Amino acid sequence: MKLIITDLETLPCRVDGEYKLIGPSRPFRHCVGCFGCWIKTPGVCVIHDGCELTGRDLSKCSELIFVSRCVYGCTSPFVKNVLDRAISYIHPYFAVRGGEMHHRRRYENRLTVSAYFYGPDITEAERATAERIVQANAVNYDGGAGPVRFFQGPEELEGVTL
C-alpha cells in the first residue's frame, strides 16, 4: 500500500495500486510531545482527531509519498504536522545506522519515501534542501529514498502517476 500525505484538497495525480490518502479535509491538532504514542499507547497517538493511527498506517505501507507545496525546501506545514503525528512509527530508543544515531524500528515493513513538490520559483537551494530532507526521512524510518520531483504548480501533476 502507498500512503500519500498531501496538502491539496484534490489529488491531481493518478495512483497505481492500493493507497491511503491523508489530506487537509479537516484540521489535525499538532503533536504536543507527550510521548504517549511511544510509551502509553505504542503506535497510536493519544490525540483522537482522525490522525491518531498514522504511525500504524505507515507500518502497513511500502511507500510514503508527499505531495506538497515546497516551503523553504521543506514540506508544507500541514504535511509536516501529519509527519510529526506519525512519530509512533518508530521507537523512542536508538540504534546506530551508518555511523549516525537514529530511532529504532517499531515495525517490520521497509518503506520508500518519495516527494512531489510544487511551487513557483523553487530555488536550487530549496531543491537541494528538499532532496536532503527526503533522504533524511528515509534514513530515520530505516527505509529507502525514492524520487523527489518538482513542479511549478499542482496542475502540472495531472500527468503524473504515483
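The values are calculated or read from the model by the stated rules, or taken from the named source; none is laboratory data. Note that the structure is predicted; figures quoted are calculated from it, not measured. Ideal geometry is used to build each Cβ from the backbone, glycine not excepted, and the neighbour counts take in all protein chains shown. Side chains included, ligands, DNA and RNA excluded: accessible areas come from the protein's heavy atoms. Shrake-Rupley method; radii C 1.70, N 1.55, O 1.52, S 1.80 Å.
Assorted remarks:
- In this structure, residue 113 does satisfy being at pLDDT 95 or above and under 15 Å from residue 55 (Cα atoms).
- When residue 143 is tested against the conditions (1) open to solvent by 40 Å² or more (accessible area, probe 1.4 Å); (2) in contact with a Ser or Thr (Cβ under 7 Å, 6 or more places away or on another chain), the lone failure is (1).
- Selection count, region 144-162, where residues are in a loop (DSSP other than H, G, I, E, B) and either of a type in the set (Ser, Thr, Tyr) or without any contact (Cβ under 8 Å) to a residue 60 or more places away in the chain (or both): 2
- In this structure, residue 131 does satisfy being closer than 20 Å to residue 7 by Cα and without any contact (Cβ under 8 Å) to a residue 24 or more places away in the chain.
- Scope region 110-128; condition under 23 Å from residue 2 (Cβ atoms) and loosely packed, with under 15 Cβ neighbours inside 10 Å; matching residues: 110
- Of all residues making up region 38-94, the number that are basic (Lys, Arg), over 21 Å from residue 145 (Cβ atoms) and in a strand (DSSP E or B): 0
- One residue stands out in region 37-69 among those that are in contact (Cβ under 8 Å) with a residue 60 or more places away in the chain and open to solvent by 20 Å² or more (accessible area, probe 1.4 Å): the one that is farthest from residue 116 (Cα to Cα), namely 42.
- When residue 94 is tested against (1) in contact with a Phe, Trp or Tyr (Cβ under 6 Å, 6 or more places away or on another chain); (2) surrounded by fewer than 15 Cβ atoms within 10 Å (Cβ to Cβ), exactly one condition is not met: (1).
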